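Here's the structure, in structure tokens; my notes come after.
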Amino acid sequence: MKTDEHLYTISRTEFANEIGKSREAVKKDMTRGKYQDLYIFKNGKYFFKSRETVGGNIALSPLPVSPSKIKINRGGHESAVKKGRYPNQAFANHNHIKRMIALRGRMSPEELALVPTVEAMVKEQRRKDLRDNEDTLRNTRRHTLNNNFKHYGGMMTANELHRASYTATNRGSSKHKKGPYLLCV
């Protein structure tokens, strides 16, 4: 509890008029933590120190008047790619290209001369990997197709002919059993 309560004499509206703000602006600043040392809450009301009690040359707000600079996330491309924080691949590619352009500005002419050859090597390796994956996929498909449809369109063996005579029905077997309650047809 503050011991100098007699210094807190003016209301929030009067304080706002003294500093040249509206009452609502002062309320908003109070919720943000400004003027903490300049007011007390007593009997359901806020009481502020007047400008004379604070002193003419002392600033009214303990916080800086200008808004604080907002911190912008910069340089988190590698961690965003590793953790998968990009909403889609296009953003990741866009930022990767921007980083490559920035690197080119910091490289020496000899290093810049090597960049196209390295890019060509990387592209060729990517093409080779895609071709290998495609060939293995193609071979896998061919292998499964050959096993499933061997001799498609040719002469059928005895087992294949016997398999073709099967008919599936939902009515049960077509043979009628003789019994006391069944009629033979």
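The values are calculated or read from the model by the stated rules, or taken from the named source; none is laboratory data. A quick note: this is a predicted structure, and the numbers were derived from the prediction, not measured. Here the Cβ positions follow ideal geometry from the backbone for every residue, glycine too, while neighbour counts run over all protein chains shown.
Here are a few things to note about the model shown:
- Looking only at region 34-62, and only at residues there that are under 44 Å from the mean Cα position of the chain (by Cα), modelled with pLDDT under 70 and surrounded by 11 or more Cβ atoms within 10 Å (Cβ to Cβ), the one that is farthest from THR9 (Cα to Cα): PRO62
- Boolean, LYS69 is modelled with pLDDT of 75 or more and in a loop (DSSP other than H, G, I, E, B): yes
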